[in-house]
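Quick note: the coordinates plus some simple rules give every number you see, no bench work behind them. Computed from a predicted model, the values in this text were never measured in an experiment. For neighbour counting, all protein chains shown are included, and Cβ atoms are generated from backbone atoms with ideal geometry for every residue, glycine included.
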Number of protein chains: 2
Amino acid sequence: MLSELVKTAETADVLGRLRELCAARGLDGLASRLTDLGDLVAADMSRLEDELLTIRSHRRLSERAASHLLETGGKRIRPLCVALAARVGSGFSPAALDLAVAVELVHHATLLHDDVVDLAPARRGRPAARVEFGNAASIFAGDWLLIEALQRVRRSGVDELLDSLLQTIAAMIDAESLQLELRGRLDTDRQSYFEIAEGKSATLFRWALGAGGRAGGLGADPCLALEEFGNHLGIAFQLIDDLLDLTGEPGETGKTLFTDLREGKMTYPVIVALERTPALASLLQAVIDGGGAPEAALATAIRELLEQSGAIDESRACAAERVALAATALRRLPKSEATAALAMVADSTVRRTR
Amino acid sequence: MLSELVKTAETADVLGRLRELCAARGLDGLASRLTDLGDLVAADMSRLEDELLTIRSHRRLSERAASHLLETGGKRIRPLCVALAARVGSGFSPAALDLAVAVELVHHATLLHDDVVDLAPARRGRPAARVEFGNAASIFAGDWLLIEALQRVRRSGVDELLDSLLQTIAAMIDAESLQLELRGRLDTDRQSYFEIAEGKSATLFRWALGAGGRAGGLGADPCLALEEFGNHLGIAFQLIDDLLDLTGEPGETGKTLFTDLREGKMTYPVIVALERTPALASLLQAVIDGGGAPEAALATAIRELLEQSGAIDESRACAAERVALAATALRRLPKSEATAALAMVADSTVRRTR
């Protein structure tokens with residue numbers, strides 16, 4: 001089946017587009033090596049995009065709000081994980097496609113609700129859906145995508161995955177809620193940080209990998225290995241997100257710097273820096289209290305203290321460690337193109353710039 | 001099994017409490033006749049309350065927001081419908097209990113999101129959860145209850161009910177979204193009104209009845225009759241809700257008068273009155289534009305025009321007609337205590353005062 005896909009000019013075209021997309025999204029490492037991976041994932045991701053296109057609708061205000069966000073794209077890293085995990089097994093079946101779409105929809109549903117919760121002005125360099133269509137439409141849009149996602153998981157016919165997705169979403173809400181409670185709390189510790197990161201980021205990656213594996217017909221042990229890979233990847237992904245908020249290029253990330261901090265979200269580098277440089281607390285408090293973008297001098301001072309404290313390096317090292325753990329989990333699986341691709345995804349994640 | 005339940009003092013006690021509750025909630029007609037129904041539903045509803053108690057949690061902010069709403073009670077009319085529909089069949093099994101809890105949780109989830117959407121200050125005579133715990137916690141609380149509901153439907157083991165509940169929730173979101181678009185539009189017509197009422201109110205009643213029937217082992221035809229009953233009951237319920245917003249006693253309903261109107265929601269009596277008394281438009285527009293509670297003189301003038309136009313009577317007649325249609329649907333089922341009880345529920349619905 002794969003060789004048939006390779007033959008079509010369309011697939012080659014899609015592959016080229018995917019490489020460009022990866023490069024444009026800061027996943028350069030992955031982009032350059034996608035040539036080796038060939039069309040293993042290109043056709044899968046093209047089918048994903050086609051399927052996502054069918055969901056977009058402009059009939060209702062809530063659908064327009066959801067479509068506005070879906071149109072901004074995103075890295076599609078979660079569905080990519082589903083596709084690759086499925087290819088560790090018997091391949092990217094229609095059921096696996098449904099699961100890949102579902103994981104992306106759940107991710108987008110949480111973004112729609114989070115942006116209302118955070119009163120976020122922008123997302124991916126465009127005005128947030130809540131700004132264009134209102135908070136109300138954004139709430140219903142998130143509800144709608146969640147239901148669309150669950151319907152696809154039902155359709156996939158793997159009922160245990162519906163249960164695990166419901167548990168995953170429950171864990172995500174729980175973590176978001178804990179994060180809400182700890183807003184602006186400079187005394188947040190590492191344990192709470194990892195509880196939040198695991199719940200709000202890692203569980204969905206974990207589910208994506210397990211779901212793909214199961215759709216690919218893999219047994220319990222390989223699926224568990226994939227899930228562990230997903231969990232570590234998710235934490236690494238969150239740690240890099242934290243870093244990009246402090247050190248990223250706004251032009252690339254599509255986000256304003258220090259957004260997490262202004263929203264009172266305690267990220268890993270900030271927690272580590274506060275342990276080592278308690279004097280940082282008053283500067284951070286000023287950003288939280290100010291609410292808006294900090295003045296350039298204040299931002300520079302904070303960034304320098306973060307660098308000097310070694311918190312940036314430690315966060316990067318912590319992400320790298322998670323990627324190493326992810327790779328270790330992968331080694332419990334027989335070597336294949338798909339496992340190599342997954343290792344590349346993890347590797348590229350820590351080097352992404354948006 | 002029923003006779004065993006009757007014997008216990010606890011059941012009698014529960015029955016008394018239920019009658020009191022019905023009376024306190026303005027369902028007096030039902031309360032006085034519950035003596036005849038005996039403990040048919042009393043024990044069921046007691047199990048429901050016990051189960052709802054287990055859901056309440058104060059661990060997270062979102063759970064506290066959800067519990068705040070759950071503690072205010074409510075009429076429990078949707079789970080009552082599940083229980084009675086199940087008793088049309090083989091009885092109120094543990095699966096039926098799960099479904100009864102689920103329908104109440106879905107209802108509460110929509111209330112939590114609606115109150116954020118409407119920026120509502122109060123619900124059931126108490127400050128809304130969003131006022132006590134914030135909009136963010138209310139959004140996550142709604143998400144949480146939705147997932148809890150879906151998990152219970154999965155646990156019930158009747159998978160087609162999960163699909164139909166997902167479709168039901170999708171229809172509810174669609175209707176809420178249409179309502180959002182038509183806010184403040186005095187030219188809203190009856191067709192749009194019924195589209196919204198069907199989607200936001202009737203579909204969940206329909207599901208409750210069908211779910212109960214299926215859990216009670218009934219076949220396709222009796223379930224369809226129950227669903228039609230539920231659909232008509234839901235529309236009648238919404239029509240009375242509309243009337244209570246204009247003519248109810250705030251002390252009983254727990255709501256401020258003219259809330260729908262102030263939020264720009266076009267209710268049935270308002271649409272009918274506008275057809276007959278176009279001069280009403282400028283007064284209604286003043287309430288919508290004002291946003292707050294209208295001055296007493298304005299409220300009185302509007303209420304008088306609504307009465308004089310015959311819109312109040314027509315709305316009441318329309319609700320009564322739906323109850324009659326509901327009763328007709330019921331007659332397709334073999335007569336039983338449970339069908340008699342369902343007829344009473346429908347009958348009491350149009351005479352409720354809150």
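Each Lys and Arg contributes +1 and each Asp and Glu -1, all at the Cβ; summed about the Cα centre of chain B, the dipole is approximately 580 debye. Over the Cα atoms of the protein assembly as shown, the radius of gyration divided by the Kirkwood radius equals 1.01; this is the Rg/Rh ratio. For the options A:205, A:140, A:92, a Gaussian network treatment of chain A with springs between C-alpha atoms closer than 10 Å singles out A:140 as fluctuating the most.
What does the C-alpha gyration tensor say about the overall shape of the stretch B:145-254? Classify as rounded when a/c is under 1.5, otherwise prolate if a/b is larger than b/c, or oblate.
On the way: a/c = 1.92, a/b = 1.77, b/c = 1.09.
Cα axes put the stretch B:145-254 in the prolate bin.
Largest GNM mean-square fluctuation among B:152, B:214, B:190, using chain B with Cα springs under 10 Å: B:190.
Taking R0 as 60 Å, what's the FRET efficiency between residue B:53 and residue A:301 from their Cβ-Cβ distance, rounded to 0.05? That gives a FRET efficiency of 0.70. Comparing A:247, A:300, A:54 in a Gaussian network model of chain A, where Cα atoms under 10 Å apart are tied by springs, the biggest mean-square fluctuation is seen for A:54.
Which whole number gives the average, over all residues in B:55-65, of C-beta atoms from other chains lying within 10 Å of the residue C-beta? It would help to have the intermediate numbers written out before the result.
Numbers: counts 0, 0, 0, 0, 3, 8, 8, 7, 3, 2, 1.
Going residue by residue through B:55-65 and averaging, the value is 3.
Calculate the length of the line joining the C-alpha centroid of the stretch B:55-134 to that of the stretch A:209-239, in whole Å. Result: 35 Å between the Cα centres. Electrostatic tally near residue B:206: other residues with Cβ closer than 11 Å to its Cβ, Lys and Arg +1, Asp and Glu -1, net -2.
Taken along the Cα-to-beta-carbon direction at a fixed 7 Å, the label points for residue A:351 and residue B:126 span 5.6 nm. Near the amide H of residue A:123, within less than 5 Å, lie the amide hydrogens of A:128, all on another chain or at least 5 residues away, with H placed in the peptide plane. Per residue of peptide B:163-169, the mean number of Cβ atoms on other chains within 10 Å of the residue Cβ is 3.
Using the Kyte-Doolittle scale, which helices in chain B average at least 0.5 and also have C-alpha atoms spread 30 Å or more along the helix axis, with helices defined as whole DSSP H runs? Write down the numbers at each step before the final one.
Details: long enough: B:94-117 (34 Å, 0.96); B:135-156 (32 Å, 0.19); B:159-181 (34 Å, 0.38); B:220-247 (40 Å, 0.53).
Span-like helices here: B:94-117, B:220-247.
By the helix-only formula, in which each DSSP H run with n ≥ 4 contributes -39500 (n - 2.57) and the sum is divided by residues, the protein assembly as shown has a 222 nm mean residue ellipticity of -24500 deg cm²/dmol. Per the Kirkwood formula applied to alpha carbons, chain A shows a radius of gyration over Rh ratio, Rg over Rh, of 0.96. Taken residue by residue and averaged, Cβ atoms of other chains lying within 10 Å of the Cβ of B:105-113 number 1. What separates the residue B:292 label point from its copies, with the point 7 Å along Cα to Cβ, is 2.9 nm, written shortest first.
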